[in-house]
Amino acid sequence: MTMLFTAILASSLFLTAHATPQLPTKTLFQSNFKLPASGNALWYRSPSANWVFESLPIGNGYMGAAVFGGVQNDTVLMNLDDLWAGGPFSSPTYNGANWNASYAPTVHEKLKALRNTIFANGTAPDLNGITTDAGDYGTFSSAGNLVIARGVGIDYSNYTRWLDMDQGIIRSTWKETKNDVRREYICSYPERLCSHMTSSTTPFPQVSYSIETIQGHSNLQLGCQDNSTLVLRGNAGSNGAGMLYEIVGRVQVSKTTGASTTCSAGVITVSNATDIWFTWTGGTEYNIDAGTADQRYSFKGPDPHSSILKRLSSASSLSYSSFVQRHVKDYTTGTSQNFQLDIGQKPDWSRSTDQLIEDYKEQQLSDALQLDRNTNDGSLVAVPCNSPELPQTTFGCAHWQQLIWELFNSVEKALQILGTGGEQSFLLEVQKKRLRLDRGLRIGAESQVQEWKLDFDNSAHLDHRHLSHLTGLYPSYSIASFVPGSDGIKPGSLTRQALLTASTTTLIQRGIGTAPDADAGWGKIWRAACWAQLGNSTRFYDQLSYAISRNFAANLFSLYNPFNTAENTLFQMDANGGFPAAVL
């Protein structure tokens, strides 16, 4: 154990500087522990067995947790919003996949040659070596798993767990032979920490709290700061040089006769307590303000330890009831007043969410722009470009052109609001180029919206999952709010209705989102949003229903490849974010 970690574990006086209120007994039996009357909840009759399919999520913007809700053993996956394995923390040579300045002239010449090839032939076989290897780009990483264990076989009945979306709280309850048990899980934004609270009608003989570390992380150190506090520190990478992170968790117990806490070898053991409140918080050394040239794009900030202790110490001075009240007030003000989920669960609490899902299934800028030297129509186009996961490297790809035009609009509007100041010449350049910009709006030989300036559409990719050329229909506006005769469009050459009709044709050609290239939930939700934009309620509903039946697990996590085995199925949250957007 390093000297630094030893010093950290010795700093427990900081935590005890505030008086820690004793928990009352049977805390959760004094509150309204019921499914919400609004029906705004996900609920189940058994604990989660798999995090992708069945765990329930909570978070506060800084930290997140996936809750299993177990009886004998409970697991909570712990996340920090900025914990990243890779990038400059893991590799001192990482530069964001940019070329070194000394190689820039060579890349420029390669780019010129590539553009000449594309304009001469309409396409090119590859990108001519203008891109670099991504290097040690990395990935988001979990911080660890909180494990709560009782160590004995337990017979239980009347189990229920639910995510109360009116309050942002996960709850579970069950009966044992001589005991009733209730639990609450909260991630509080005001306190910037998460908590796991358990109450029972009779004392638990023994409950342990520990943290499972993440395989592949390095310099992992887990120890006891005192009899009630765990500290985990490590680096998010296998080479010992990854991003530093820390998790600190503390337990408080009720004033029950004989209740005690001990900590040894990174495990807190609670004995003879009816009420146990475990809170945890964490942080990393990531600092966005250090992502500058002066800081060599290190993004490295101070050690998070002191700020973590301050948060935990401050929260430890709160009573549990005050902690919950502060969380609920903050959550209801910012979230639940404006959002409700209705999947048919109101007011019938006889069918759990996973049953409802099964029932539902059964029912149904500037320098990149070049003069077009292929068609020679005088327009400005992006070159080279492609459409995601399709082979053509070409020019004037529809979604590139649509988004560049909208970007120029945004620049103009922003400068009108903020004032041009010294940006007048820049604004004039944007306006000038916008007038010459190819808009990426064409109707092809099959009456479809063309995906490229040249009509490469063919049957090999008609059912492809991507709808890039319909970006202007949804989520953007180049197609949806098209004005005839506007920038770059000859008067009388194209109408909004013609584009909407071509968008309908394209959606039909591209299918329902299940194809040889993928079976992803986001592809289906995107199609539903496009049908909504077109005002076709029947196809919108059919597409949305199909996405639910095909891609959503019992906990409403969206699955990328839903018919793989549980071990190989990927949770991809794109459809979870897209679903409410499509409905709205």
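The values are calculated or read from the model by the stated rules, or taken from the named source; none is laboratory data. Since the structure is predicted, the reported quantities are computational estimates derived from the model, not experimental observations. Backbone-built Cβ (ideal geometry, glycine too); neighbour counts: all protein chains shown. To get the accessible areas, we keep the full protein, side chains included, count just its heavy atoms, and leave off ligands, DNA and RNA. Shrake-Rupley method; radii C 1.70, N 1.55, O 1.52, S 1.80 Å.
Observations on the structure shown:
- Remark on residue 42: its backbone amide H falls under 5 Å from those of 163, 165, a criterion applied only to residues 5 or more positions apart or on other chains, H modelled at 1.01 Å from N.
- Partnerless Cys - the chain, beta-carbon criterion under 4.7 Å: 530
- 5 angstrom amide H check on residue 266, placed H, neighbours 5+ away: 224
- Taking each of 34/524; 255/329; 112/453 in turn, the alpha-carbon distance tops 23 angstrom for 34/524; 255/329.
- Computed from backbone phi with θ = phi - 60° and the Karplus coefficients 6.51, -1.76 and 1.60, the 3J(HN,Hα) list for the stretch 185-190 is 10, 9, 10, 9, 6, x Hz; x is used for glycine and proline.
- Solvent-accessible area per residue in the chain equals 46 Å², computed with a 1.4 angstrom probe and all protein chains kept.
- Expressed as a whole percent, the proportion of Cα-Cα pairs in the chain lying more than 41 Å apart is 39%.
- Cα-centred dipole magnitude for the chain, charges only on beta-carbon of K, R (+1) and D, E (-1), debye, nearest 20: 900 debye
- Converting phi to 3J(HN,Hα) with the Karplus coefficients 6.51, -1.76 and 1.60 and the offset θ = phi - 60°, the stretch 50-62 yields 8, 5, 5, 8, 10, 5, 10, x, 9, x, 9, x, 10 Hz in sequence order, with x at every glycine or proline.
- Charge context of residue 582, other residues only, Cβ under 10 angstrom, K/R +1, D/E -1: +2
- The dipole here belongs to the stretch 425-584: it is taken about the Cα centre, uses +1 on the Cβ of Lys and Arg and -1 on the Cβ of Asp and Glu, and is about 620 debye.
- Ordering 125, 529, 388 by the projection of their Cα atoms onto the charge dipole of the chain, which places +1 on the Cβ of Lys and Arg and -1 on the Cβ of Asp and Glu, puts 529 at the extreme positive end.
- Prolate/oblate/rounded label for the stretch 144-224 (Cα gyration tensor, a/c 1.5): oblate
- In order along the stretch 63-76, phi translates into HN-Hα couplings of 9, x, 8, 10, 9, 8, x, x, 9, 5, 10, 10, 10, 10 Hz, rounded to whole numbers, per the Karplus curve 6.51 cos²θ - 1.76 cosθ + 1.60 with θ = phi - 60° and x for Gly and Pro.
- A protection proxy built from the mean count of other Cβ atoms within 10 Å ranks the segments 321-327, 130-136, 182-188, most packed first, as 182-188, 321-327, 130-136.
- Proximal charge balance of residue 446 [Cβ under 9 Å; K/R count +1, D/E count -1]: -2
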